[in-house]
Amino acid sequence: MDVRTATGPLDADRLAEWYAVPPEARDRTWVRGSFITSLDGRATGPGGLSGGLNAGSEGDHAAFHHVREQADVVVVGAGTIRSEGYGPLPRVNLAVVTRSGDVPDKVLDRSPGDGEVVVISGDGAEVTPRQVLDEVGRRGWRSVVIEGGPSLFAPWVRAGLVDELCVTVRPVLVGGDGPLLVPASARFDDLVGRATHVLVWGGDVLVRTRLR
Ligand SMILES: NC(=O)c1ccc[n+]([C@@H]2O[C@H](COP(=O)([O-])OP(=O)(O)OC[C@H]3O[C@@H](n4cnc5c(N)ncnc54)[C@H](OP(=O)(O)O)[C@@H]3O)[C@@H](O)[C@H]2O)c1
């Protein structure tokens, strides 16, 4: 498969085309992971949030927005909901995955124009990726974007259910013991992924990587 390359900034039309769900996937479920990482694989910046990594990255903000634009539903773990202060999303549905059910009320407080919010709770048990896909599939949502965090995401990769990653690599080192993009406990038998799109924008590298 050829690798497309470009240098940003890209305008809105080119970004929409760059991040379009592939035509062969439009009639089926298409699962994307949307993340930012440092060179040392950290998912958070010095402040302990992803905002510490993406601050000042025009490319990441543009990519994040356009990947969301392609989504029927954004799937997020309750840890990220709590730490990043997520609420309902304009125009796109949100699925929150939790064992504990500890989800702030704000998540359910929708304004006009916001998408639906679904809390998928395991009532104390783990929710499998397949259960999440069944829940969102029941609602007819097929373009699925997982925005994290890392502990939610790894089982999806292990289960072979992620079609592609859209990742911004920031050319910085974070160090410390913050979360890795994929937790150290995750084990894959082989290297996974091959790039299809590489966009260099203001020193950041934005990669689309096919996982299956
Ligand atoms: N770099 C990036 O792109 C990016 C993206 C997202 C988040 N982050 C950062 O990552 C950090 C959070 O990392 P994290 O890995 O702890 O986040 P997380 O996966 O969002 O949160 C973990 C929590 O989500 C719920 N959860 C995850 N997997 C589950 C499953 N299979 N079944 C049931 N519940 C499940 C559980 O919630 P309960 O505790 O309610 O049971 C669990 O405690 C934050 O600091 C955030 O800023 C970075």
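In this structure, does Leu165 turn out to be modelled with pLDDT of 95 or more and either surrounded by 11 or more Cβ atoms within 10 Å (Cβ to Cβ) or more than 16 Å from the chain's Cα centre (by Cα) (or both)? Taking the combined requirement at face value, the residue satisfies it.
The residues of the stretch 84-94 include none that are under 12 Å from Val136 (Cβ atoms) and assigned to a loop (DSSP other than H, G, I, E, B).
Scanning the stretch 47-75 for residues that are over 21 Å from Val97 (Cα atoms), near the ligand (Cβ under 10 Å from one of its atoms) and of a type in the set (S, T, N, Q) yields one hit, Asn54.
Scanning the stretch 113-128 for residues that are in contact with a strand residue (DSSP E or B) (Cβ under 7 Å, 6 or more places away or on another chain) and either at pLDDT below 95 or more than 9 Å from the ligand (Cβ to nearest atom) (or both) gives Gly113, Asp114, Gly115, Glu116, Val117, Val118, Val119.
Mind telling me which of the residues Val182, Val198 ends up being farther than 25 Å from Asp27 by Cβ, of a type in the set (Val, Ile, Thr) and away from the ligand (no atom under 14 Å from the Cβ)? Testing whether each residue is farther than 25 Å from Asp27 by Cβ, of a type in the set (Val, Ile, Thr) and away from the ligand (no atom under 14 Å from the Cβ) leaves just Val198. When each of Ala25, Ala62 is tested for being at negative phi and at pLDDT 95 or above, the lone residue that passes is Ala62.
Residues that are at pLDDT 95 or above and surrounded by 21 or more Cβ atoms within 10 Å (Cβ to Cβ) within the stretch 38-59 comprise Ser38, Arg42, Ala43, Thr44, Leu53, Gly59, listed in sequence order.
Within the stretch 176-188, residues that are touching a residue at least 60 places away in the same chain (Cβ under 8 Å) and hydrophobic (A, V, I, L, M, F, W, C) sit with their Cβ atoms under 7 Å from residues that are within 12 Å of the ligand (Cβ to nearest atom) and assigned to a loop (DSSP other than H, G, I, E, B), at 6+ positions apart or across chains, in these pairs: Leu180/Gly41; Leu180/Ala43; Leu181/Gly41; Leu181/Ala43.
Would you call Arg99 away from the ligand (no atom under 11 Å from the Cβ) and either out of contact with any helix residue (DSSP H, G or I) (no Cβ under 7 Å at 6 or more places or on another chain) or modelled with pLDDT of 95 or more (or both)? For Arg99, the condition - away from the ligand (no atom under 11 Å from the Cβ) and either out of contact with any helix residue (DSSP H, G or I) (no Cβ under 7 Å at 6 or more places or on another chain) or modelled with pLDDT of 95 or more (or both) - is not met. Against the conditions (1) near the ligand (Cβ under 10 Å from one of its atoms); (2) touching a residue at least 12 places away in the same chain (Cβ under 8 Å); (3) out of contact with any helix residue (DSSP H, G or I) (no Cβ under 6 Å at 6 or more places or on another chain), Gln131 satisfies every one except (2).
Pairs linking a residue in the stretch 148-172 that is touching a residue at least 40 places away in the same chain (Cβ under 8 Å) to a residue that is acidic (Asp, Glu) and part of a loop (DSSP other than H, G, I, E, B), with Cβ atoms under 9 Å and 6 or more positions apart or on different chains, are Val172/Asp40.
The values are calculated or read from the model by the stated rules, or taken from the named source; none is laboratory data. This one's a predicted model, so the numbers in the text were calculated from it and none came from an experiment. For neighbour counting, all protein chains shown are included, and Cβ atoms are generated from backbone atoms with ideal geometry for every residue, glycine included.
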